[in-house]
Each structure stands twice: as structure tokens, then as C-alpha cells.
Amino acid sequence: MTKEIFDKITTPFCPVSAEEISVDEKKFLLEAFAPKGFTSSTFYLRFFQKGFSEWELLGINECKNQYLRLPDVAETLLKFVDINTKGSSVGDRGYLYTLAHSDAKGVFYECLRKANKGLCSKFFAFMNERGMSTNTVLKRFASDDWKQWELDGIKNMLEPFAKN
């Protein structure tokens, strides 16, 4: 895949024409992406019709990391103290920030909810800017059920195939 095609595909909502990628490249990419949950219908829709949302290009893991690096989000999570911790009148400061970085299923969104301070609403806006609707954010992050390609991001998956 040429650098120009890579750049085009990794531009939000910018599909390529079917003629821009050879048949062999299409087969190779689909075979490489299939183990990560990418179906042939998704492949055709995203590459040649719709393009990818920014969140799909970055990947959910990178979106979470970017959100947690926002100064006010980090500060809120770092300052949070759970006074309802069993056996203690004061919880550990900063544990929620550390926990939010966990890969454990459902932990990230639960940390935002627990900290409150509008972090969920702010996260909705953050993801809306990257092409994910509020309803989808609620549904997908609450269930935390992602395909591997959604977690990793298309840019990361395509980089090994891009030629200079």
C-alpha cells in the first residue's frame, strides 16, 4: 500500500475507490484483519464506501488514554477519595486514576461514573468529536464489548502495510 493510500484511508470518513487498491492487496488486508474481528462486509463498507470514524482510526485504547491525559480529568480522578471503602473512613487518593487505566472489562467507564464531576458527560462530548454518538458510547462502554480492531485502531493495524 502506498503512503498516499495509507494517508487517504487514515483520514476520517475518507474512503478509497475500489480501483486504488489491487485485488491482491484487498485479499491480503482482509486476511490480515479478519482474525481481529473485521468482517468482509465491514471491510468493504469502511474502506470503499464510508471511511473510518476518528475513534476507529485511533482505537478505543488510544481514545481512553487521550481522555485520561486531559488535565481536568486526570486531576479529578487523582483527587478522588472513596469514603465508603469498607474497613476505612478514608480511601486511597489516586487509586481511581490508576484503576481507570486498567484493561479489565468495564473498569474504565465505571471509574468515570464513580468519580462523577461530569466526567461521563465530558467523555460523551470527547467521543462525539471522534465520531461516536452518545447512545453508542453508553451502550458500548457499559458492556465494554469490543472487537480487537476497534481496540487497536486502524492506523496501528495498517502501518505495517504502508510503503514509504
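Does VAL81 fit the bill of being surrounded by 12 or more Cβ atoms within 10 Å (Cβ to Cβ), over 18 Å from the mean Cα position of the chain (by Cα) and at pLDDT below 90?
Here the answer is yes, as VAL81 does meet what is asked.
Go through the residues of region 116-129 one by one and say whether even a single one is at pLDDT below 90, touching a helix residue (DSSP H, G or I) at 6+ places or on another chain (Cβ under 9 Å) and either part of a helix (DSSP H, G or I) or of a type in the set (D, E, K, R) (or both).
Yes: region 116-129 contains one or more residues that are at pLDDT below 90, touching a helix residue (DSSP H, G or I) at 6+ places or on another chain (Cβ under 9 Å) and either part of a helix (DSSP H, G or I) or of a type in the set (D, E, K, R) (or both).
Considering region 130-146 alone, what residues qualify as being under 14 Å from ASN61 (Cα atoms), outside any helix (DSSP H, G or I) and of a type outside the set (Lys, Arg)?
Across region 130-146, the qualifying residues are ASP144, ASP145, TRP146.
Within region 36-61, restricting attention to residues that are closer than 15 Å to LYS147 by Cα and free of Cβ contacts under 8 Å to residues at least 24 places away in the same chain, which residue is surrounded by the fewest Cβ atoms within 10 Å (Cβ to Cβ)?
SER41
For region 1-34, which residues satisfy the criterion of being without any contact (Cβ under 8 Å) to a residue 24 or more places away in the chain, assigned to a helix (DSSP H, G or I) and of a type outside the set (A, V, I, L, M, F, W, C)?
GLU4, ASP7, LYS8, GLU19, GLU20, ASP24, LYS26, LYS27, GLU31
For ALA74, which of the numbered conditions (1) surrounded by 14 or more Cβ atoms within 10 Å (Cβ to Cβ); (2) small (Gly, Ala, Ser); (3) not assigned by TED's automatic domain parsing to the domain that holds SER133 fails to hold?
Looking at each condition in turn, ALA74 falls short on (3).
Hey, among the residues in region 14-35 that are more than 24 Å from MET132 (Cβ to Cβ) and of a type in the set (Gly, Ala, Ser), which one's surrounded by the most Cβ atoms within 10 Å (Cβ to Cβ)?
Applying the filter and picking the extreme gives ALA32.
Give region 43-61 a look and list any residue that's in a helix (DSSP H, G or I) and of a type in the set (Phe, Trp, Tyr), or say none.
Within region 43-61, PHE43, TYR44, PHE47, PHE48, TRP55 qualify.
The values are calculated or read from the model by the stated rules, or taken from the named source; none is laboratory data. Keep in mind that this is a model prediction, so the values were computed, not measured. Note that each Cβ is placed from the backbone with ideal geometry, even for glycine, and that neighbours are counted across all protein chains shown.
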